[in-house]
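Working notes, structure below.
The values are calculated or read from the model by the stated rules, or taken from the named source; none is laboratory data. Keep in mind that what you see is a predicted model, and the values were worked out from it rather than measured. Here the Cβ positions follow ideal geometry from the backbone for every residue, glycine too, while neighbour counts run over all protein chains shown. Surface accessibility is based on the protein's heavy atoms, side chains included, excluding ligands, DNA and RNA. Shrake-Rupley method; radii C 1.70, N 1.55, O 1.52, S 1.80 Å.
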Amino acid sequence: YRPEIDGLRAIAVLAVIFYHAQLEFFGYNFFKGGFIGVDIFFVISGYLIGSLIIKELELTNNFSFMNFYERRARRILPALFSVLVISFPFALYYILPNNFVEFAKSSIYSLFFGSNFYFHYSGLVYGAEDGLLKPLLHTWSLSVEEQFYLIFPIFLLLIYRFFRDHLLKFMVIGFLFSLIL
C-alpha cells in the first residue's frame, strides 16, 4: 500500500469528474484536458504492475501468468459484468432499435476488451454529442488497461530474462516510444 498513490488517484478522479461536469471558473474551463486523469491512472497502473512483476521475479526468479491474470480478473470482471447486466435492461427500454444494436456490439467488444478499437473504428469522437448516446463509451479505457495487462508482462518478462542489466534502458526507450506514438 502506498498512500501517495491514493493521492494521485484522487487527483485523477477529480480531473475526470471536473472534465465531465464541464465546470467553468470566471468563464474558463480549467479541466478541458480531463484526459490527464485517465493518463494518471494509466501511469499508476503501469508503475504498480511493473513493480509487482519485478518484485515477483526478484523474490522467486519466476512469474506466474496464471496468478497475475487471475488477480486482474478478480478485480475487473465483477465490475464490468455488473455494469453490463445493469445497463442492458435500461438500454433495451430507452435506446432506439438501431442504437441498441450498437449498444450490443459495444457490450461484446467490452467483454473482449476491444471497445477502444470498436469506438475508434466506428468514427466516434470522444466528447462529441453522439458520444453522449453511447452508454458503454467509458469502457475504452478499461480495454486499453486490459490490453496493457496482456502485453506488458510478456514484454517485461522477456527483457528481465534476457537483458536484465539493460532493464532501465528498455523502460526509458519504451516510455519515449509511447510518447512519440
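Find the relative contact order for the chain and round it to a whole percent, using C-alpha pairs within less than 8 Å whose residues are 6+ positions apart.
Dividing the mean separation by the residue count of the chain yields 14 percent.
Rounded to the nearest 10 degrees, what's the angle between the helix 139-162 long axis and the longest principal axis of the chain, both from Cα atoms, 0 to 90? Tilt relative to the chain: about 10 degrees. Extension gain for the segment PHE90 to TYR28, taken as residue separation times 0.36 nm less the Cα-Cα distance, is 18.8 nm to one decimal. Distance between the 7 Å Cα→Cβ label points at ARG9 and LEU48: 0.5 nm. Charge dipole of the chain (Cα centre as origin; +1 on each Lys and Arg Cβ, -1 on each Asp and Glu Cβ, all else neutral): 380 debye, rounded to the nearest 20. Across the protein chains, with a 1.4 Å probe defining accessible surface, the residues PHE68, PHE113, PHE175 rank PHE175, PHE113, PHE68 from largest area downward. Run the 1.4 Å probe and let me know the accessible area of HIS166, rounded to the nearest 10 Å². Probe radius 1.4 Å; accessible area of HIS166 about 80 Å².
The residues of the range 17-142 expose, per residue, 68 Å² of accessible area to a 1.4 Å probe. In this Cβ point-charge picture (+1 for Lys and Arg, -1 for Asp and Glu), the range 1-75 has a dipole of about 200 debye about its Cα centre.
Counting only protein heavy atoms, what percent of the accessible surface of the chain is carbon or sulfur at a 1.4 Å probe? The partial results should precede the final answer.
Details: 8830 of 12520 Å².
Summing carbon and sulfur atoms, their accessible area is 70 percent of the total for the chain.
Mean residue ellipticity at 222 nm, helices only, the chain: -25500 deg cm²/dmol; runs of at least 4 DSSP H residues each add -39,500 (n - 2.57), and the sum is divided by the number of residues.
Within the range 1-63, the chymotrypsin sites (Phe, Trp or Tyr not before Pro) that combine a DSSP coil assignment with at most 10 other C-beta atoms in a 10 angstrom radius are TYR1, PHE26.
Cα centroids of the range 1-33 and the range 42-93: 24 Å apart.
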